[in-house]
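These notes are about the structure you will find just below.
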Amino acid sequence: MMMAMSCKDGKGAILDNGKYVRYTPEQVEALERLYHECPKPSSIRRQQLIRECPILSNIEPKQIKVWFQNRRCREKQRKEASRLQGVNRKLSAMNKLLMEENDRLQKQVSHLVYENGYFRQKTPNKTLATKDTSCESVVTSHHLTPPKDASPAGLLSIAEETLTEFLSKATGTAVEWVQMPGMKPGPDSIGIVAISHGCTGVAARGCGLASLEPTRVAEILKDRPSWYRDCRAVDVVNLLPTANGGTIELIYMQLYAPTTLATARDFWLLRYTSATEDGSLVVCERSLPNTQNGPSMPSVQNFVRGEVLPSGYLIRPCEGGGSIIHIVDHMSLEAWSVPEVLRPLYESSTVHAQKTTMMALRQLRQIAQEASQSNAPNWGRRPAALRALSQRLSRGFNEAVNGFTDEGWSMIDNDGIDDVTILVNSSPEKLMGLNLSFGNGYTPVSNSVLCAKASMLLQNVPPALLLRFLREHRSEWADNNIDAYSAAAVKLGPCNVPGSHIGNYGGQVILPLAHTLEHEELLEVIKLEGVEHRLEDALMPRDMFLLQLCSGMDENAVGMCAELIFAPIDSSFADDAPLLPSGFRIIPLDSGKETSSPNRTLDLASALEIGGPGNKLSGDHNVASGTTRSVMTIAFEFAFESHMQESVASMARQYVRTIISSVQRVALALSPSHLNPNGVLQASAGPPEAHTLARWIARSYRCYLGVELLKGVGQGNESILKSLWHHSDAIMCCSLKALPVFTFANQAGLDMLETTLVALQEITLEKILDEHGRKSLYSEFPQIMQQGFACLQGGICLSSMGRPVSYERAVAWKVLDEEENVHCICFMFINWSFV
């Protein structure tokens, strides 16, 4: 019997006798409709289709099967062809972009060669004519002089001059651009990003592709607050049409201060939108000086007036759809007005590129991805709503850090120590925005919001590394009593200021919610399990949820700000749920220097990493030299009733100080400054030094058991510590107290306990042993103290996460110091493994 064969057009079939049969248009229409309902029907379903659709009654089920196979094959081929065409268009556009960049660089080289020849000719002269190579003087020899009035003709002349200067920066040689550190241009990157060299202010330039039409690109980029997280507001004060079909806008813009140590910035701008002869769309802007009786904007309290030098966007249509975008961001942020320690932040084009240019390119790429996929995988089914939640978290944190008086924030008296600032906001606008004004029955519950904030300088710790630790080890710094209070206040539930009651929770679970394409920003829900806050919670602990925004966790992203911002939410939170954001922001102050090695690990034990052929610690050594700094800003918000202000202020102030202390402790442990150039620990966080303790452990083992613990090891302190740290068995020290706690563990010990060097000190010996292990230890303890050691039978213990761990046997011995006094008890668990 001849098998049915496929047809190219899907409108025919081959019968068993080999005769060709063509489907009628009605049959094809019916099959197409059924295909969209179910592309791959089962045998039973195909027979059912024939019964339900009389028009298909003369077609055999086998022919239906072949038709669906052909239809799926064509669909797959069409999708693959479409994908390849899209890749080809993207590669062609990227090639065009790279060729243009090459042409620009060739022009720049020619310009520099000409200048070099000019200076060589002038060398014999005693007085060399200096040439101003700033970006303004290259374009025009005269400074911008606004007209004496704000007439449309005068503004148009400024706009056209701004356009010329912008284009000379975007595609010409007005500015010497150098590639952004760490950027690798390619088809899968966000684009080509460069920063200025030897130019006034901070400047960055980006070139990229977007699968969006030019008008849509312009619309997105003009909506600066939606993607530029530092932008508080962009208000169009006036709009004037031009004769060439363009528009001139007079704009007042405000930028948040990124830290409590600086003042916010504002700008008075002219923005010009027009189309060029080749069909490109140009949006350019510059500041308007308050001189010559031109259009002016008076100074605003709590803001420093900055300057935008000619900047903007050149958006060109791309063959086959999409756009090629050139971006120039050029500002003068008035660095003189901030403390000297922060000036690198305001003078760094690298930081400026990360916050503006690269964020704009990422926003375009993100929206283009969402538009091309109806169910965008990275941002879930509602990408716009999730991006809005991220924006609300970021904006709320910025508002807390800045505490603008026009939003109702006012400072309250401190306790004489200026490390923590307390602000209170009782304005109706703030409370209505949070839905905190009234509870059930219109009874006032939370009628005020308090913010406790502080900033601190960190030395020699990579911001990304510290942020990842804060995210993954919340119990190291957070107080679950405070978390429970915040959650109860926002949910309008009954709550009291946390007192002496010490609650507990089983741990945190990170539930991914969304992430951007490059994973530079994560939106997630944090579930704190079994939180106890009130007495009745002890009988039935409840879970608590936090909406959390995390960004800047890539150690290799130069100049990237690291943020961890969170707010308590209900388990079934709505898009307009009240949010009181709190969290951390860590900003590198030395963005031009190598801050970390990609081989660094998150665990605090990385401070003990031993150098070797596989470990590249050159970057860490640069950090250890004391050349890298960052500033951390902490802000926590609390809703409360007005009569509780004094108590809540006291609680918040103490809580932030406790967090500062915890962060300093963690930062010290994470800092590569503990390492010498060979990567060996120089000193531990507490006495005695790790070298000394390692020597005591090895010597005491040899003394009591008569054999070497570390075989084939020299007498040097570094080699002893290195061998102990990498010993295959779990070795850990325990204090001699009524409730013994662990004070030190090697890498295997930390792995077995599933903990870190910092958290280790909160784990008691009793907590990890089961009932059999405790009885065995108690029976052998007198022997340990008298004889100096004891061998324990194998058994089961528990890690800090509650996982059972089996061990073949264990050895315990006394560790003696230099004066033969007992310093601690050391345990070695041999051949351990998780059950």
Discussion item. Out of 522, 547, 513, 528, I need the residue that is more than 26 Å from residue 657 (Cα to Cα), open to solvent by less than 40 Å² (accessible area, probe 1.4 Å) and modelled with pLDDT of 70 or more. Which one?
Written reply: 522
Practice prompt. Considering each residue of region 167-184, count those that are crowded, with 19+ Cβ neighbours inside 10 Å and modelled with pLDDT under 80, and give that number.
Written response: 1
Worksheet item: With respect to residue 89, is the statement that it is out of contact with any helix residue (DSSP H, G or I) (no Cβ under 7 Å at 6 or more places or on another chain), closer than 25 Å to residue 320 by Cα, open to solvent by 90 Å² or more (accessible area, probe 1.4 Å) and at pLDDT below 75 true?
Response: yes
Worksheet item: Do we have residue 741 as surrounded by 19 or more Cβ atoms within 10 Å (Cβ to Cβ) and closer than 30 Å to residue 664 by Cα here?
Response: no
Worksheet item: Is it the case that residue 257 is under 25 Å from the mean Cα position of the chain (by Cα) and at pLDDT 90 or above?
Response: yes
Fill in: Pairs with Cβ under 9 Å, 6+ apart, first in region 232-243 and closer than 14 Å to residue 266 by Cα, second open to solvent by 70 Å² or more (accessible area, probe 1.4 Å)
232/395; 234/223
Discussion item. Just the residues that are assigned to a strand (DSSP E or B), open to solvent by 40 Å² or more (accessible area, probe 1.4 Å) and under 24 Å from residue 759 (Cα atoms), please, taken from region 791-821.
Written reply: 796, 798, 804
Worksheet item: Considering only residues of region 646-675 that are in a helix (DSSP H, G or I) and modelled with pLDDT under 75, which is most open to solvent (accessible area, probe 1.4 Å)?
Response: 673
Item to complete: With the condition kept exactly as written, say whether any residue in region 676-683 is at negative phi and modelled with pLDDT of 80 or more.
Response: no
Item to complete: Quick one: count up the residues across region 754-774 that are under 29 Å from the mean Cα position of the chain (by Cα) and at pLDDT 80 or above.
Response: 3
Item to complete: Identify the residue in region 380-405 that is open to solvent by 40 Å² or more (accessible area, probe 1.4 Å) and at pLDDT 90 or above and, among all such residues, is farthest from residue 265 (Cα to Cα).
Response: 392
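Per-residue answers, yes or no, for (1) acidic (Asp, Glu); (2) closer than 19 Å to residue 160 by Cβ; (3) open to solvent by 20 Å² or more (accessible area, probe 1.4 Å); (4) out of contact with any Leu (no Cβ under 9 Å at 6 or more places or on another chain):
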| residue | (1), (2), (3), (4) |
| --- | --- |
| 205 | no, no, no, yes |
| 223 | yes, no, yes, yes |
| 228 | no, no, no, no |
| 241 | no, yes, yes, yes |
| 249 | yes, yes, no, no |
Practice prompt. Being in a helix (DSSP H, G or I) and modelled with pLDDT of 80 or more is the filter; apply it to region 35-54 and report the residue that is surrounded by the fewest Cβ atoms within 10 Å (Cβ to Cβ).
Written response: 36
Item to complete: Mind telling me which of the residues 788, 773 ends up being closer than 30 Å to residue 508 by Cα and either crowded, with 17+ Cβ neighbours inside 10 Å or in contact (Cβ under 8 Å) with a residue 24 or more places away in the chain (or both)?
Response: 773
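Quick one: would you say residue 164 is at pLDDT 90 or above and farther than 22 Å from residue 554 by Cα?
yes
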Worksheet item: Inside region 240-260, can you point out the residues that are among the hydroxyl-bearing types (Ser, Thr, Tyr) and closer than 30 Å to residue 631 by Cα?
Response: 252, 256, 259, 260
Worksheet entry | Hey, residue 276 of a type in the set (Ser, Thr, Tyr), in contact (Cβ under 8 Å) with a residue 40 or more places away in the chain and either more than 21 Å from residue 552 (Cβ to Cβ) or open to solvent by 50 Å² or more (accessible area, probe 1.4 Å) (or both) or not | no
Worksheet item: Taking helices (runs of 4 or more DSSP H) that do not extend beyond region 302-408, which have at least 2 residues that are more than 19 Å from residue 588 (Cα to Cα)?
Response: 358-372, 383-402
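The values are calculated or read from the model by the stated rules, or taken from the named source; none is laboratory data. Treat the numbers as computed from the prediction; the structure is a model and nothing was measured. Neighbour counts run over all protein chains shown; Cβ positions are idealised from the backbone, glycine included. We work out accessible area using only protein heavy atoms, side chains counted, and drop any ligands, DNA or RNA first. Shrake-Rupley method; radii C 1.70, N 1.55, O 1.52, S 1.80 Å.
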